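Undergrad: Here it is, the structure, as structure tokens.
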Amino acid sequence: MSFHSLSITYNYNIFQDVDDLQSLDAEALLEIVRPLQAYARDLVSEREKDREALQRYQEALQMHQDRIHKLEDEVEDKTTMLDIVTDEVERLEVEAQKHRDEDYGAIVSGMECSNKRAACVGLMKDEIFALLDYTKP
């Protein structure tokens, strides 16, 4: 407890009755009022300091909230971009699988055609050898 509040309490306790206060002279009343004035000035000063501190905290809070909003917007933009890239990757995977299936079909078809040609060439070879054997005396 500060000196002023002790003095105020002491003086207030001494002069609790209004008649006691009326019987005081101007100097005695000034001795009671001066600590009250000083205490009031201290309270006003503290209130102003608290207001300034609150103002700084509010400005800092607003700055942090603005930063949070910017980060949220950035996250939303990045998420949208990621969704677009993911969709494109999925589309490319489907297209690549389609090409693999087409290529596999072409390879199988080519192998079947090659096997048929090989079989055909083999038959032709056999017929040529048979003809050559037939023409030998």
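Undergrad: Taking a cut-off of 27 Å between Cα atoms, list the lysines near K78, but don't count ones fewer than 8 places away on the same chain.
TA: In chain and number order, the partners are K70.
Undergrad: Still on this structure, please answer the following. With Cβ to Cβ distances under 14 Å as the rule, what net charge do the other residues near R67 carry (K, R +1; D, E -1)?
TA: -4
Undergrad: According to a simple spin-label model (label point 7 Å from Cα along Cα-to-Cβ), what is the distance in nm between H99 and K49?
TA: Using points 7 Å along Cα→Cβ, the separation is 7.4 nm.
Undergrad: Still on this structure: Taking K116 as the anchor, which lysines have their alpha carbon closer than 26 Å to its alpha carbon, excluding any fewer than eight residues away along the same chain?
TA: The reachable lysines, counting only those whose Cα sits under 26 Å from K116, are K125.
Here, each number is a calculation from the coordinates, and none is a lab measurement. Remember, predicted model here, so these are calculated numbers, not experimental data. Methodologically, a virtual Cβ is constructed for each residue, glycine included, from the backbone with ideal geometry; neighbour enumeration extends over all protein chains shown.
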